[in-house]
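A.B. asks: What follows is a single structure, and I will ask about it in a moment.
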Amino acid sequence: MTGSQSAASAAAPAIAVTIAGSDSGGGAGIQADLKTFSALGVYGASVVTALTAQNTLGVSDVFDAPAEFVRAQIDAVFSDLAVSAVKIGMVSRIDTIIAIAEGLDAFDGGPVVADPVMVATSGDPLLVPEAVAALIEYLLPRSYLLTPNLPEAARLTGLPLAESEAEIVAQAEKLLSAGPYAVLLKGGHLSGPQARDLLVTAGGERRWFTAPRHVTMNTHGTGCTLSSAIAAGLAQGLALEPAIARAKAYLTEAIRAADVLKIGNGHGPVHHFHALWPPPEPGKAASSQG
């Protein structure tokens, strides 16, 4: 090995893989995950589970990738790249879920962060009802961290939507019993000046992560962004709680800066590169609205 090759090897970045659906509008899914990885200094690779025809106004169509092709992507990526963490997002069909589970068993890609994406920000469903049981059976036991929001937690547990701190704790504990090492139950759907998320772990930890709530329509991709930011931290060697704390701080600022983007006419994306792009000049905020 030459000196230049040795230096290049020593400088190799952490690698994280997102296994999720593509968002043609660029605000969520694979696109949000790769933007987040990049913004946080992680090399991102991807396994596409589905193509969606969507924008800030909603989802008009979904084309699922064949399960065997999902597995082929997993084999191609994991057999070559030194993956340090995996994020799983939209997986809409049972055969796709099984293919992912088998792929995870075949390769050691580090900790798995599973974000059980079921409904888009616009309200459009992204997971067929019969796939929920498969998600619980095959992916939750293989996950290091599960990151549902309150509606997703209610659907996974079969309980009513949590409205109190005690109900959030109960649902997080029930999800923990399904197999993941830890659950981060996101409270963004609650009202109030603070956005509070609860972490519970198989080791007995229980911690609330709190950040100021910023009121905006531009929240498309928040769940994808938080889970991929956590995966980025884990890929870089952070412990779970520091990875969550950094991810929540990153997302909070991405939401706070989202309004300057002016993308589309509906629920716009968060600003993944808020710390890297120069702020727009007063009165000259870039607009991509139709």
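The values are calculated or read from the model by the stated rules, or taken from the named source; none is laboratory data. On a predicted model such as this, the values are computed, not experimentally measured, just so you know. Ideal geometry is used to build each Cβ from the backbone, glycine not excepted, and the neighbour counts take in all protein chains shown.
A.B. asks: Could you check region 142-188 and list, in sequence order, the residues that are assigned to a helix (DSSP H, G or I), touching a residue at least 12 places away in the same chain (Cβ under 8 Å) and among the hydrophobic types (A, V, I, L, M, F, W, C)?
C.D. replies: Leu150, Ala153, Ala154, Leu156, Ile168, Val169, Ala172, Leu175, Leu176 - these are the residues of region 142-188 that are assigned to a helix (DSSP H, G or I), touching a residue at least 12 places away in the same chain (Cβ under 8 Å) and among the hydrophobic types (A, V, I, L, M, F, W, C).
A.B. asks: Okay, next question. Quick check on region 241-256. Is at least one of its residues in contact (Cβ under 8 Å) with a residue 60 or more places away in the chain and of a type in the set (A, V, I, L, M)?
C.D. replies: Scanning region 241-256, I find at least one residue that is in contact (Cβ under 8 Å) with a residue 60 or more places away in the chain and of a type in the set (A, V, I, L, M), so the answer is yes.
A.B. asks: Now for a different question. Does region 241-254 contain at least one residue that is of a type in the set (A, V, I, L, M) and part of a loop (DSSP other than H, G, I, E, B)?
C.D. replies: Checked region 241-254: no residue is of a type in the set (A, V, I, L, M) and part of a loop (DSSP other than H, G, I, E, B).
A.B. asks: If you go through region 76-100, how many residues are free of Cβ contacts under 8 Å to residues at least 24 places away in the same chain and part of a loop (DSSP other than H, G, I, E, B)?
C.D. replies: Just the residues of region 76-100 that are free of Cβ contacts under 8 Å to residues at least 24 places away in the same chain, to begin with: 76, 80.
From the residues that got through so far, the ones that are part of a loop (DSSP other than H, G, I, E, B) too are 80.
Result for region 76-100: 1.
A.B. asks: While we're looking at this one, here's another question. Tell me the residue from Ala72, Ala65, Ala10, Ala14 that is of a type in the set (A, V, I, L, M, F, W, C) and at pLDDT below 95, please.
C.D. replies: Of Ala72, Ala65, Ala10, Ala14, the one residue that is of a type in the set (A, V, I, L, M, F, W, C) and at pLDDT below 95 is Ala10.
Yes or no, residue by residue, for (1) acidic (Asp, Glu); (2) at pLDDT 95 or above; (3) part of a strand (DSSP E or B):
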{"site": "Leu190", "(1), (2), (3)": "no, no, no"}
{"site": "Phe209", "(1), (2), (3)": "no, yes, yes"}
{"site": "His214", "(1), (2), (3)": "no, no, no"}
{"site": "Asn218", "(1), (2), (3)": "no, no, no"}
{"site": "Thr225", "(1), (2), (3)": "no, yes, no"}
